[in-house]
Amino acid sequence: MRIFLAGASGVIGQHLIPMLVAEGHVVAGMTRTPGKAERLRSLGAEPIVCDVFDRDTLFKVVDRFAPEVVIHQLTDLPDDAELVLARTEANNRMRREGTTNLVDAAQRCGVRVIAQSVAWPLPGDGGAAVAFHERKVLGANGVIVRYGRFFGPGTYFEGEPPPAPRVHVADAARRTLAVLDASSGVIAIIENPLD
């Protein structure tokens, strides 16, 4: 399958690319940061440097790659967990405008979107942005994947796991492979509370 992975340089994207490639998929990995393109290439993806907020360019690069599915792993979160609250507005914009642009680009190509979401409620405008994001994807017959809080290498919780709902980032990536053929709807990827 030809897979366009937006947010490919993020924590789950870097785990997901090698798994997709190992399964025989051809992956375009989109990042807005030119310095991350070589890392994506080393993981096995065709790097595409594009900002999701540049709607015209996004439409062109998605169309040119001709994907069979678009995976939306875009967030606008800082590397430092202490700065997350300060970036709330930027991340909410990603969930609204970024999602709209990516879903519209996928629909122009006649393909569906599998999109990252969260498995816990967010307060205030963060919760409203998540609801908008999920409605946009589901309204286009896409799939919402509600991940638990990531823990493991490269996450905010590299040592001690966070409170539930949670999921190890490598397990989240592995379980995302099974979502490629899922019907439109909501799927939770969280750690089994008995584990």
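When the residues of region 75-127 are filtered to those that are under 22 Å from ALA182 (Cα atoms) and among the hydroxyl-bearing types (Ser, Thr, Tyr), which remaining residue is nearest to the chain's Cα centre (by Cα)? Restricting to residues being under 22 Å from ALA182 (Cα atoms) and among the hydroxyl-bearing types (Ser, Thr, Tyr), the top hit is SER117. Close contacts from region 20-31, counting a first residue that is in a loop (DSSP other than H, G, I, E, B) and a second that is surrounded by fewer than 24 Cβ atoms within 10 Å (Cβ to Cβ), with Cβ to Cβ under 7 Å and a gap of 6+ residues or different chains, come to GLU23/LEU177; HIS25/MET1.
Looking at region 90-98, can you tell me whether even one residue there is assigned to a helix (DSSP H, G or I) and among the polar types (S, T, N, Q)? Yes, there is a match, as at least one residue in region 90-98 is assigned to a helix (DSSP H, G or I) and among the polar types (S, T, N, Q). Would you mind finding the one in PHE157, PHE151 that is of a type outside the set (A, V, I, L, M), in contact (Cβ under 8 Å) with a residue 12 or more places away in the chain and touching a strand residue (DSSP E or B) at 6+ places or on another chain (Cβ under 7 Å)? Checking each option against the conditions leaves just PHE151.
Determine whether GLY139 is open to solvent by less than 60 Å² (accessible area, probe 1.4 Å) and out of contact with any Cys (no Cβ under 8 Å at 6 or more places or on another chain). No; evaluated as a whole, the condition is false for this residue. Residues that are free of Cβ contacts under 8 Å to residues at least 12 places away in the same chain and over 24 Å from HIS15 (Cβ atoms) do not occur anywhere in region 101-109. For region 107-119, the condition holds for at least one residue, the condition being that it is modelled with pLDDT of 95 or more, at negative phi and in a helix (DSSP H, G or I).
The values are calculated or read from the model by the stated rules, or taken from the named source; none is laboratory data. What you see is a predicted model; the values in this text were computed from it and never measured. Virtual Cβ from ideal backbone geometry, glycine too; neighbours counted across all protein chains shown. To get the accessible areas, we keep the full protein, side chains included, count just its heavy atoms, and leave off ligands, DNA and RNA. Shrake-Rupley method; radii C 1.70, N 1.55, O 1.52, S 1.80 Å.
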